[in-house]
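Structure, as C-alpha cells:
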Ligand code: TTP
Ligand code: MG
C-alpha cells in the first residue's frame, strides 16, 4: 500500500523550521493543517484493516508532536476489567493528588446508561443482550465520544475506559455470545467505529494508557462483594474473556487492534492503600513528567 508518511513528516518539519516566515502557534497550525490533510489522505489509501487505523511510529510522532489540536488536553485512558480498580485510580486524581485542580477527571458515564429517559439500559443489556446489546453499545459509544469532544480549560484529562476498549474488548465479546449481537448489528457498530476513529483520530488519540490489571479470582470476589444489581449475573466466563481481550490487546499485542498509545500496567490486586501508593509513585510517568503546578 502506498505510504506518503516520510513526505508528510519532512514537509511538516520544513514548515516548522522556517522561523522568519511564521512563528509560534501559527507555524504549528499551518503544519498541523497540512499534515492533517495528508494524514487523512493516508488513511484513505489504507486497506481498511483494523491495524491500519492506528498510526505507525512516524505517524505517532506527528500526532504527538505536531497534530495535537489546540486546546486538546494531555489525555490518560485508564483501562481494565470489571472491578479492577479504574475508578479507584481516577479518584486519586480527583481528590488526592496535590495537582487535582489541573486535571479533568472523567468517570465512565454509567449513570447515563442506567437512566436513559427513565430506562436502565445497562440492566436491559445484561438481562437480554440479544434485544438490547446494539442499543446499549451505540449509546455507550455516543456518551464516550461526547466526553472526549467536551472542551475543558484543564491541561490534563484522565478518562475511565474508551471507545478503543469498547471496540477491542467488549464489542467482539458481545458479538461472540450465542445470545449476543447479530452479524448485521456488529457490522453497524464496527463501521461507526472505523469512520469515527479515522475522521477524528487526532482528537480521540490518547497520550498514554494505564492498564489496571487484576487476577480473575480477585475480580470475581470484588464483584460479589460490592453486589451491584446489574452485575449479579456476570459469569466467570465473561470476566475471563474480557481479561483475555485486554491482555491480548495491551500486553501480548496479538489482538487485531493495536494500543493507540504507550501502555503502563498497574497491579490492581493490592490492598487499596498500597495501590494508591503505587499510583502516586507512577504519577510523573502517567503524566509524562508534565504534571507540574508551574504549568498553570
Ligand atoms: P473500582 O475502582 O470500583 O473498579 P472499576 O472502576 O475498575 O470497576 P468498574 O468496572 O465497575 O467501573 O474498584 C473495585 C474495588 O476494588 C474497590 O472496592 C476498590 C478495590 N481495590 C482493591 O481492593 N485493591 C486494588 O488494588 C484496587 C485497584 C482496587
Ligand atoms: Mg469504575
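All of the numbers you see were taken from the coordinates with simple rules; none came from a lab. This one's a predicted model, so the numbers in the text were calculated from it and none came from an experiment. Glycine also receives a Cβ, built like all others from the backbone with ideal geometry; neighbour counts cover every protein chain displayed.
Over the stretch 71-295, what is the relative contact order in percent, taking alpha-carbon pairs closer than 8 angstrom and at least six residues apart? With pairs under 8 Å counted, the relative contact order is 30 percent. Using the Cβ-Cβ distance between residue 199 and residue 176 with R0 = 22 Å, the FRET efficiency computed as 1/(1 + (r/R0)^6) comes to roughly 0.20. Each 10 Å bin from 0 upward holds the following percent of the Cα-Cα pairs of the stretch 148-296: 9, 31, 36, 20, 3, 0. A viscosity of 1.567 mPa s and a temperature of 4 °C, combined with the Kirkwood radius over Cα pairs in Stokes-Einstein, give a translational diffusion coefficient for the stretch 67-144 of 88 µm²/s.
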